[in-house]
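Read through the structure below, which is laid out as structure tokens, and then see the notes.
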Amino acid sequence: MAENEYTLEAVKATPVASGDIDSTFRSSCIDLVSAALVGKVLGFSDEWFAEASNLLNPAAPIRQPGKMVYTGAWYDGWETRRHNAAPFDWVVVRLGVASGTVEGVEVDTAFFSGNHAPAISVEGCFSQDDELVLSWKGERGGWEPILGIQECGPSQRFGWKLDTPTQKQYTHVRLNMYPDGGIARFRLFGHAVPVFPDDTDAIFDLAAAQNGGLAVSCSDQHFGTKDNLILPGRGKDMGDGWETARSRTKGHVDWTIIRLGAAGYIQNFIVDTAHFRGNFPQQVKLEAIDWKGDSEPAADMDGWTAIAEPIKCSPDHEHPAESLVKDKPFTHVKLIIIPDGGVKRIRVFAKRAV
């Protein structure tokens, strides 16, 4: 890699073992480029064998041995042609949030073996002009390094944690692949930096991932992850919601704790069971807390305040409710489902506590 004319400033980062990537990032960060957050591929140098948009798919990559398409074997990822004359192939991605700071990177080469990317790097920029960013193509332009050149290998998840998370926020990133090959998935772990309205009386969804909300803990996520609860839209099926295992114990409840993007005065909320038709909860409850501690609040600690009467749930339905406490600021919300089941989204509409 030292022979490449296009050099990047070294960025100190620590490799993260494949099995530790989720535990390292998922409880404290979101994937800023996920298609579920409307992250979008704006351009690329090449995608002859497999489309660059696959990189942002939140689902795990799959394999279909023997499946052939016009260009050759089918792959669930991004794959470019052989014999790239440039130092690297590239793909430009606009983040799925207004902007974000970065803590880590994951590149998954699942099922790419012999045609995998030998190395990658990641660069970022802040711009409101997509056309300008795309005009830089594979040149220096206004890009600055987020992660220097790192070696990859066949069919494996590779993760790197930045020794110093970025202080600067980014709107776009460019994933560079040296010199060509295939990558199944690309994750950019970090924190949304929302653009809040100037009007402090404005009411908006403070739980939304785009507004800095983060699902920090849960009792169980056997069938669907808690992180789905704060995504935009109503999803496409049961697979992109939060769903727990069936409980067999009398009095059982499941719960998820969400840290709001800012402390706020909660006015109302919506609990959505879209696509959950035979496995929705019997009831849901909502509690909130104004938390000042260094770590995240535990589900069973003192201080949680009921902000809604228990809501009887229906299948595939949005359940709106008014907050019982509108004059006290809260930092975290706890969604409790009785006794178990699936919820698609939660919206917590609030005024920022400025």
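The values are calculated or read from the model by the stated rules, or taken from the named source; none is laboratory data. Bear in mind that the values here come from a model prediction, so they are computed numbers and not experimental data. We place every Cβ from the backbone using ideal geometry, glycine too, and count neighbours over all the protein chains shown.
Scanning the stretch 292-308 for residues that are within 24 Å of the chain's Cα centre (by Cα) and either within 11 Å of residue 332 (Cβ to Cβ) or part of a strand (DSSP E or B) (or both) gives 296, 297, 298, 299.
Candidates are the residues of the stretch 92-113 that are surrounded by fewer than 23 Cβ atoms within 10 Å (Cβ to Cβ) and of a type in the set (A, V, I, L, M, F, W, C); the one that is nearest to residue 174 (Cα to Cα) is 98. With the structure loaded, tell me whether residue 230 is under 30 Å from residue 354 (Cα atoms) and surrounded by fewer than 24 Cβ atoms within 10 Å (Cβ to Cβ) or whether it fails that test. Here the answer is no, as residue 230 does not meet what is asked. Collect the residues in the stretch 4-42 that are aromatic (Phe, Trp, Tyr) and surrounded by fewer than 18 Cβ atoms within 10 Å (Cβ to Cβ), keeping them in residue-number order. Once the filter is applied, which keeps residues that are aromatic (Phe, Trp, Tyr) and surrounded by fewer than 18 Cβ atoms within 10 Å (Cβ to Cβ), the stretch 4-42 yields only 6. Assess whether residue 150 counts as being at negative phi and assigned to a strand (DSSP E or B). So residue 150 passes the test. Cβ-Cβ distances below 6 Å connect the following pairs, each with a first residue in the stretch 81-94 that is closer than 13 Å to residue 124 by Cα and in the same structural domain as residue 53 (by TED's automatic domain parsing), a second residue that is buried (at least 24 other Cβ atoms within 10 Å of the Cβ) and modelled with pLDDT of 95 or more, and a separation of six or more residues or different chains: 90/174; 90/176; 91/52; 91/175; 92/174; 93/33; 93/173; 94/172. Here residue 344 passes the criteria (1) modelled with pLDDT of 95 or more; (2) out of contact with any Asp or Glu (no Cβ under 6 Å at 6 or more places or on another chain); (3) closer than 22 Å to residue 29 by Cα except the one numbered (2).
Pairing residues of the stretch 137-148 that are aliphatic (A, V, I, L, M) with residues that are in a loop (DSSP other than H, G, I, E, B), at Cβ distances under 6 Å and at least 6 apart in sequence or on separate chains, gives 147/11.
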